[in-house]
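These notes concern the structure reproduced below.
Every read-out reported here was derived from the displayed coordinates using simple, explicitly stated rules and does not represent laboratory data. Quantities reported herein were computed from a predicted structural model and do not represent experimental measurements. Glycine gets a Cβ as well: all are built from the backbone with ideal geometry, and neighbour counts include every protein chain shown.
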Amino acid sequence: MFENFETHRIPVPGATIHARTGGQGEPLLLLHGFPQTHAMWHRLGPALARDHRLVVADLRGYGNSTAHSEEFSFRAMAADMVAVMRHLGHESFDVVAHDRGARTAHRMTLDFPDAVRSVALLDILPTPTVWELMDDWLATRYYHWLFLAQPAPMPQRLISAEPLTFLHAALGGLGGTPGSLDTFDPEALAAYEAAAQNPSVVAAWCADYAAAAGVDREHDDADRGTSRNLPALLLWGSNGVVGAQTDPLEAWRPWLPRITGRAVPTGHFMVEERPDEVLAEIQEHLAAAARD
């Protein structure tokens, strides 16, 4: 995966971020989500690198990135990624991100508005909206939001006793074919499995979700009413959770008034389920943003 890409380990306050870079053109940051790593972009990376200078990073504590601080929040992870991009010489850039990475990207638009030129968010609702919608139906599907947020060390110990059972349930439970791992390339799946068997990664998962139930909510509440007028794309899986209880575009419009997008016939892991269709949408969005 990621042939001809360079590998970096970039120190930032509180973490060391693992990233790969490749391609030529305007800078584009790709961010993954839970329970994955930067490897999720392996099917889109080569095509996007034809027109962009790609930076494909692991979030703080995820994958091959390490966390040197107990501070987890989307604010901290957003600052990590802006520091990485500046270290690589990019003061402003586009962002395409999935799941937790997309929440990090949204926080970047709020905290670093001059850095983010455009944003594409894949299969998420605003974090406050998720909590507002958290009824019994959603809680059974997003059980990990509640479980991972429990006080340490209970969730860490339970996951580390059966890390692959937990990982495979998370990947199979939200995918387009429930219970199936066939969507995932063996090499990418091996990267996710290696990460899940690392206790420090499991600790990062838990710290991330604990923050989403605590400090991230405080940050989002403080920023209610703050919108960013930049080109924004939203894609969500028609077979998933995001569009089941609300109109995703309407949920995002108070934050990103220029947002456009549509449902894609996938589950949550759309980049791996329908890479060509997702790639076409991202390329069209980036081309339009470049003309903006």
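Of all residues in the range 280-291, which are surrounded by fewer than 18 Cβ atoms within 10 Å (Cβ to Cβ) and in contact (Cβ under 8 Å) with a residue 40 or more places away in the chain?
Of everything in the range 280-291, those that are surrounded by fewer than 18 Cβ atoms within 10 Å (Cβ to Cβ) and in contact (Cβ under 8 Å) with a residue 40 or more places away in the chain turn out to be Gln283, Ala288, Ala290.
Which of the following residues is touching a strand residue (DSSP E or B) at 6+ places or on another chain (Cβ under 9 Å), hydroxyl-bearing (Ser, Thr, Tyr) and in contact (Cβ under 8 Å) with a residue 60 or more places away in the chain: Thr16, Thr21, Thr7?
So the residue among Thr16, Thr21, Thr7 that is touching a strand residue (DSSP E or B) at 6+ places or on another chain (Cβ under 9 Å), hydroxyl-bearing (Ser, Thr, Tyr) and in contact (Cβ under 8 Å) with a residue 60 or more places away in the chain is Thr21.
Please determine, by comparing only the residues of the range 110-125 that are in contact with a strand residue (DSSP E or B) (Cβ under 7 Å, 6 or more places away or on another chain) and buried (at least 24 other Cβ atoms within 10 Å of the Cβ), which one is farthest from Ala251 (Cα to Cα).
The qualifying residue farthest from Ala251 (Cα to Cα) is Val116.
In the list Leu138, Leu133, Leu148, which residue meets the criterion of being touching a Pro at 6+ places or on another chain (Cβ under 6 Å) and among the aliphatic types (A, V, I, L, M)?
Going through Leu138, Leu133, Leu148 in turn, the sole match is Leu148.
So is Ala188 under 17 Å from the mean Cα position of the chain (by Cα), surrounded by 15 or more Cβ atoms within 10 Å (Cβ to Cβ) and within 14 Å of Leu59 (Cβ to Cβ) or not?
Against the criterion (under 17 Å from the mean Cα position of the chain (by Cα), surrounded by 15 or more Cβ atoms within 10 Å (Cβ to Cβ) and within 14 Å of Leu59 (Cβ to Cβ)), Ala188 does not qualify.
Between a first residue in the range 74-102 that is touching a residue at least 60 places away in the same chain (Cβ under 8 Å) and a second residue that is aromatic (Phe, Trp, Tyr), which pairs have beta carbons less than 7 Å apart while being 6 or more apart in sequence or on different chains?
Asp99/Phe34; Arg100/Phe34
Any idea which residue in the range 112-135 is nearest to Ser92 (Cα to Cα), counting only those that are free of Cβ contacts under 8 Å to residues at least 60 places away in the same chain and in contact with a Phe, Trp or Tyr (Cβ under 9 Å, 6 or more places away or on another chain)?
Checking each candidate, the answer is Ala115.
Residues being part of a loop (DSSP other than H, G, I, E, B) and more than 17 Å from Pro275 (Cα to Cα): count how many of those fall in the range 25-42.
Looking only at that region, the number is 3.
Just checking, how many residues over the range 127-163 are of a type outside the set (D, E, K, R), part of a loop (DSSP other than H, G, I, E, B) and surrounded by fewer than 19 Cβ atoms within 10 Å (Cβ to Cβ)?
8
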